């Protein structure tokens, strides 16, 4: 069977493959056939670091000069270095779990930098790069995975919602929030607000995501659905979840969908700016499928070698989101080796500070679990707190005898 039919069949191209499981040859052939996301992919920087003009999207990055692109490079390097450090600390027993973002830096930094201060972002549990662009201290993220906090930041001040662990649930939350923006008249002009919601390709198989699509479409909510298609829903490839490319699912709900090269930070910035502008003017919602790849495990409890081939990983290493920006900057003489060395040194220091904080993080008091649960004091919660502290005191008393 043609490899394209196995991976991402287009309308009229014939039926999807029906084999229970693809052969290794089919997987590799399918990967190569769709490695750049197909003809509809929006790309401004090739994997080799060459600029691709776009009549539709160039105007959204007219302000991106050399300094801006160097800052985007710096963002991605720092985020990746922090991610690698956190991954290592989990292996050393300092974190209960970690959710790597390796390979998805461009999708997160590009889309995150497209947001205006007044916009709101709803993440899943992997959006460390988006959190960074919203001014979240990476140390506040560590508390989640060390199990001392659900979120340590003021989500209204940063316009970045707490992480959501339940797959796809944040889409309903984002849809409701965006509907509120619409009802309150916060859309319609350049000063309007918009919401962006992040989820993975696996979440598109969840009912919550489709309900969010329906509600956002019916009420013209100013909501950008940002799907990071990293090709694997834990151990299931995307082609086992959908007969069509994910961005085309938007057709069924009556709003536009677009596929962007998720390893191209410039394209992610441009496309997300366009989508947010559409939403702010009352033309939302919009679905963005960022075609990228998860270079590491789903979480630190996962072993990706059990379900994917090393050939696939090697293929995607050639499309590294950081290296293509580095290549562009170096080839065009926009940055020298001293700049790259300084960014790496800054990233190493960034990681060292994160590590020092994690290893010396104080243990929270036992009643911490009861704090900030409700906006107002609750008699029921207070009774539970007193009962729990009394229970712990019983152990202390027993130890004295």
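Nothing in this text is a laboratory measurement; each read-out follows from the coordinates by a stated rule. What you see is a predicted model, and the numbers here were worked out from it, not measured in a lab. Quick reminder, even Gly has a Cβ in these numbers, built from the backbone with ideal geometry, and neighbours come from all protein chains shown.
Along its principal axes, the stretch 153-304 has C-alpha extents of 47, 36, 32 angstrom, given from the largest down. Placing R0 at 25 angstrom, the Cβ-Cβ distance between residue 392 and residue 357 gives a FRET efficiency of 0.40 after rounding to 0.05.
Based on DSSP H segments of at least four residues, each scored -39500 (n - 2.57), the chain has a per-residue ellipticity at 222 nm of -13500 deg cm²/dmol.
Any idea how far apart residue 281 and residue 190 come out in nm if each label point goes 7 Å out from Cα toward Cβ? Simple spin-label model gives 1.2 nm for this pair. Were the residues from residue 382 through residue 166 laid out at 0.36 nm apart, the gain over their Cα-Cα distance would be 75.0 nm. So what's the angle, to the nearest 10 degrees on a 0 to 90 scale, between helix 379-399 and the longest Cα principal axis of the chain? The helix 379-399 is inclined about 60 degrees to the chain. The peptide list 304-312, 316-324, 173-181, put in order of mean Cβ contacts within 10 Å with the highest first, becomes 173-181, 316-324, 304-312. Over the stretch 36-359, Cα pairs under 8 Å with separation of 6+ residues give a relative contact order of 27 percent. Springs join every pair of Cα atoms under 10 Å in this Gaussian network model of the chain, and among 87, 229, 71 the largest mean-square fluctuation is at 71.
Springs join every pair of Cα atoms under 10 Å in this Gaussian network model of the chain, and among 337, 94, 349 the largest mean-square fluctuation is at 337.
Between 0 and 90 degrees, the angle of helix 321-331 with respect to the longest Cα principal axis of the chain falls at about 60 degrees. For the stretch 122-139, the residues whose backbone nitrogen is under 14 Å from a point 7 Å from the Cα of residue 368, taken along Cα to Cβ, are 139.
Anyone know which of 277, 386, 211 comes out most mobile in the 10 Å Cα GNM of the chain? Fluctuation is largest for 386. With respect to the chain, whose longest principal axis is taken over its alpha-carbon atoms, helix 207-218 is tilted by about 70°.
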